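Peer 1: Sending over a structure as structure tokens; questions will come in a sec.
The values are calculated or read from the model by the stated rules, or taken from the named source; none is laboratory data. Computed from a predicted model, the values in this text were never measured in an experiment. Cβ placement follows ideal geometry from the backbone for every residue including glycine, while neighbour counts extend to all protein chains displayed. Note: accessible area is taken over every heavy atom of the protein model, side chains too, but ligands, DNA and RNA are not part of it. Shrake-Rupley method; radii C 1.70, N 1.55, O 1.52, S 1.80 Å.
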Amino acid sequence: MTRGPAKPGTVYLVGAGPGDPDLLTLRAARLIATADVLVYDNLVAPAILDLAAAGAERIYAGKRRGNHALPQEELNLLLVELARAGKRVLRLKGGDPYTFGRGGEEVETLHDHGIPFEVVPGVTAAAGVASYTGIPLTHRDYSQACVFVTGHLKDGSMDLDWVGLARRRQTVVIYMGLHGLSTLCEKMIEHGLPPEWPAAIVQQGTTPHQRTVTGTLATLPELALAAHLKAPTLIIIGEVVKLHDKLAWFEGGARTA
Ligand code: SAH
């Protein structure tokens with residue numbers, strides 16, 4: 001075990017938001033500017049990393065599908081080691097750290113090793129994509145509930161609660177679902193939703209590369225394939241998708257100011 005200064009540094013587990021750097025919280029921006037070392041994922045925008053001090057160390061810990069730059073256990077211990085060396089450690093994760101981000105696992109390790117930590121929420125992809133595509137997650141006319149699920153399970157299968165997901169008056173948001181999109185749509189139909197039920201897939205939401213493909217459970221897999229979408233993508237299933245045509249303001253990737 002490495003012996004550091006008597007007092008360990010704090011680890012800040014910080015959400016970087018879904019892509020648009022302007023969606024960073026003020027708390028996150030302040031902490032990034034004062035960190036000694038940044039440990040960041042591949043979904044974190046370069047403009048956000050630029051907020052760090054010139055002398056700050058930057059460690060890439062990104063993951064892409066099935067290709068982990070650093071195994072999770074090693075990463076957890078790296079955070080412990082850096083803190084024990086007395087550093088202010090900024091662990092930056094895309095979106096919100098406690099939404100499909102393994103933030104819980106990282107903080108459990110810190111807790112077990114007696115390292116002080118703080119967690120800063122971020123705008124999760126579902127919230128960012130909803131606003132920037134004009135697909136409200138709830139709407140009194142269409143949907144009174146919203147469920148977030150991951151389409152990518154640890155062993156690569158998709159063992160979800162289909163009965164619970166295939167409900168009317170509900171919006172289902174699927175993270176990491178592109179690979180399983182056709183299975184997902186088939187299962188939703190099999191469990192009772194009509195083939196013409198609205199569905200959308202959104203690539204790189206809130207960034208200049210945002211693209212939205214809308215269709216139905218029957219048509220979306222083929223439309224997505226034809227569109228050659230790139231990760232990250234988010235899938236939204238539910239009648240709220242109908243509002244996209246009316247409420248979209250960002251397609252083409254421009255904010256007004
Ligand atoms: N903690 C993150 C999610 C990490 S899992 C959050 O709260 O957003 C990574 C998945 O998030 C991606 O596979 C994709 O499904 C989704 N995602 C993240 N950023 C996205 C974006 N800008 N557009 C669309 N999907 C995104």
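Peer 1: Which of the residues spanning the range 145-179 are of a type outside the set (A, V, I, L, M, F, W, C), touching a Ser or Thr at 6+ places or on another chain (Cβ under 9 Å) and closer than 21 Å to residue 196 by Cβ?
Peer 2: Filtering the range 145-179 for residues of a type outside the set (A, V, I, L, M, F, W, C) gives 150-152, 154-157, 159, 161, 164, 167-171, 175, 177, 179.
Right, trim to touching a Ser or Thr at 6+ places or on another chain (Cβ under 9 Å) and you get 151, 168-171, 175, 177.
If the condition is that a residue be of a type outside the set (A, V, I, L, M, F, W, C), touching a Ser or Thr at 6+ places or on another chain (Cβ under 9 Å) and closer than 21 Å to residue 196 by Cβ, then 168, 169, 170, 171, 177 are the ones that fit.
Peer 1: If you check 54, 29, which single one turns out to be assigned to a helix (DSSP H, G or I) and either modelled with pLDDT under 95 or more than 17 Å from the chain's Cα centre (by Cα) (or both)?
Peer 2: Details: 54 fails: assigned to a helix (DSSP H, G or I).
Residue meeting the stated conditions: 29.
Peer 1: Tell me the residue from 38, 79 that is in a strand (DSSP E or B) and within 19 Å of residue 116 (Cα to Cα), please.
Peer 2: Working: 79 fails: in a strand (DSSP E or B).
Being in a strand (DSSP E or B) and within 19 Å of residue 116 (Cα to Cα) holds for just one of 38, 79, which is 38.
The rows are residues; the columns are (1) within 13 Å of the ligand (Cβ to nearest atom); (2) in contact with a Lys or Arg (Cβ under 8 Å, 6 or more places away or on another chain); (3) modelled with pLDDT under 90; (4) charged (D, E, K, R).
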residue	(1), (2), (3), (4)
42	yes, yes, yes, no
60	no, no, no, no
81	no, no, no, yes
85	no, no, no, no
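Peer 1: Looking at residue 117 and the list (1) farther than 28 Å from residue 244 by Cα; (2) more than 14 Å from the ligand (Cβ to nearest atom); (3) open to solvent by less than 30 Å² (accessible area, probe 1.4 Å); (4) modelled with pLDDT of 95 or more, which single condition is not satisfied?
Peer 2: Every listed condition holds for residue 117 apart from (3).
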